[in-house]
Amino acid sequence: MAGVTTLDSSRERLIRRAAQYIFGIFATSSGDEMSATEGGSGIFIGPFQGLTARHVSEYFLRLDGRHTRPRYRFRTQHSVGLFQVLDPFSPTSTHSLWHVDQTWNSPHSDLTLLEISAEDETSDRLQYEWPEGFFDLQLLPPARGSRIIVIGFPGLGIEATGGTR
């Protein structure tokens, strides 16, 4: 999203509104050297709660060497985190990091519910300033032929730098 310059004003307003709810999801592991891997995107649906795709959470389980689908709640050996780009139109945007405490996979859809906590100074501040009016959650797909806009982090690349908290 960063670097987008030619948008009509209604799309730009939508992206600016959605950016406060959208996150990228990644996993880290630490051994001799910390490594990170990207996973996908998701959306905050309420304070300390987010949704991502179940296939993303299952990807993190495969990193642990597990190949069977967990029933509902599970933890990974990797540390799963989220990041937000707070101004999608600025290449030097402030970002925030969040930690995924627990996950619950839906047995009926490709959804995973995430319980989230603050991980850095920015997210610590943001948790006291949650936006009003989270998007309405609709579990049914849009009608055939509907126009939709998808916002996320395609082609995501993660680099682990710095120390641990």
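The values are calculated or read from the model by the stated rules, or taken from the named source; none is laboratory data. The structure displayed is predicted, hence computed values, not measured ones. Areas reflect the complete protein model, heavy atoms only, side chains present, ligands, DNA and RNA absent. Shrake-Rupley method; radii C 1.70, N 1.55, O 1.52, S 1.80 Å.
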* To do: Would you work out if the stretch 101-141 is rounded, prolate or oblate? Take a ≥ b ≥ c from the square roots of the eigenvalues of the alpha-carbon gyration tensor; rounded if a/c is under 1.5, else prolate when a/b is larger than b/c, oblate otherwise.
  => oblate
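Of Arg11, Arg147, which has the most accessible area and how do the rest follow, probe 1.4 Å? Numbers along the way, then the final one.
Values: Arg11 90, Arg147 185 Å².
My answer, sorted largest first, is Arg147, Arg11.
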* Asked: How do Arg13, Arg54, Arg144 rank by accessible surface area computed with a 1.4 Å probe, from largest to smallest?
  -> Arg144, Arg13, Arg54
* Asked: Rank Phe83, Phe60 by accessible area, highest first, at a 1.4 Å probe radius?
  -> Phe83, Phe60
* Round to the nearest 10 and report in Å² the accessible area of Trp130, as given by a 1.4 Å probe over the protein chains' heavy atoms. => 50
